[in-house]
1. If you check Phe9 against the conditions, is it open to solvent by 60 Å² or more (accessible area, probe 1.4 Å), touching a helix residue (DSSP H, G or I) at 6+ places or on another chain (Cβ under 7 Å), closer than 25 Å to Ala130 by Cα and at pLDDT 90 or above?
2. Going by the conditions given, is Arg109 open to solvent by 70 Å² or more (accessible area, probe 1.4 Å), in contact (Cβ under 8 Å) with a residue 24 or more places away in the chain and of a type in the set (Lys, Arg)?
3. Pairs, please: C-beta under 9 Å, at least 6 apart or cross-chain, first residue within 21 Å of Val129 (Cα to Cα) and in the range 175-186, second surrounded by 18 or more Cβ atoms within 10 Å (Cβ to Cβ) and polar (S, T, N, Q)?
4. In the list Ser44, Ser18, which residue meets the criterion of being of a type in the set (S, T, N, Q), crowded, with 18+ Cβ neighbours inside 10 Å, free of Cβ contacts under 8 Å to residues at least 60 places away in the same chain and farther than 21 Å from Val174 by Cα?
5. Restricting attention to the range 50-75, which residues are open to solvent by 30 Å² or more (accessible area, probe 1.4 Å), in a helix (DSSP H, G or I) and not aliphatic (A, V, I, L, M)?
6. Please identify the pairs in which a residue from the range 114-128 that is over 9 Å from Ile101 (Cβ atoms) has its Cβ atom under 7 Å from the Cβ atom of a residue that is not in a helix (DSSP H, G or I) and not β-branched (Val, Ile, Thr), counting only partners at least 6 apart or on another chain.
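The values are calculated or read from the model by the stated rules, or taken from the named source; none is laboratory data. This structure is a prediction, so every number in the text was calculated from the model and none was measured. Cβ sites come from the backbone with ideal geometry, for glycine too, and all protein chains shown count toward neighbours. Surface areas here come from the heavy atoms of the whole protein model, side chains and all, with no ligands, DNA or RNA. Shrake-Rupley method; radii C 1.70, N 1.55, O 1.52, S 1.80 Å.
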Amino acid sequence: GAIMLAAPFLLADGMGFSATKMGLYIAAFYFGRTVLAPVAGRASDRFDPRPFLIIGNLVLVAGFVWLSVLGNPVSERAFLSGVLLAGVGSALFEPVVTSSIMGSVPGDRLGTASASVAVGRQLAFAIGVALAGAIFTIREGVYLEELTAIGSPAATVGAEAISRGFADAMLSGVALALIAVLLSPWTRRPRVERPA
């Protein structure tokens, strides 16, 4: 959610991307997910899900940290690498946690479990977007005032404030992914026997 909300401001306003180019760069987040999510989900069904959850969130942390240190001017290649890395982390985490939840409920409760997973995912996305949006907006305003007060060139103040606000918003993603890393070791692998 943090990437989806804040990246358009960085790419369009901070880096001058067209809407098409911006969309392609943001879509890179989903490229890793598309390729790796089915593999991670299948592998976690055969093995313990905890390593996937921990590694996935640590990779997600690495992607968010990478995106938080891009600086200004932002390198297109560095941004793309950070987004791809975050997408890989997400691909290792999301299908595994969903599989773990769905595999732990009896067959007559699968509908309820599926609905709960969907609600949880949307709630987490909404919280991530709200948190990142608030941090980005507040910090960008602070940086604009600071940079203007110290006499930074007017031509660069806007882009610099946007890139710094974006970096702070990405750090909120780091904090949330680290919480998930801390909770992951307590994940169990209960499997309910399904009729053939």
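1. So Phe9 passes the test.
2. Considered against the rule, which asks whether it is open to solvent by 70 Å² or more (accessible area, probe 1.4 Å), in contact (Cβ under 8 Å) with a residue 24 or more places away in the chain and of a type in the set (Lys, Arg), Arg109 comes out as no.
3. Ala177/Asn57; Leu178/Asn57; Ile179/Asn57; Ala180/Asn57; Val181/Asn57
4. Ser44
5. Arg50, Pro51, Phe52, Trp66
6. Phe125/Gly1; Gly128/Gly1
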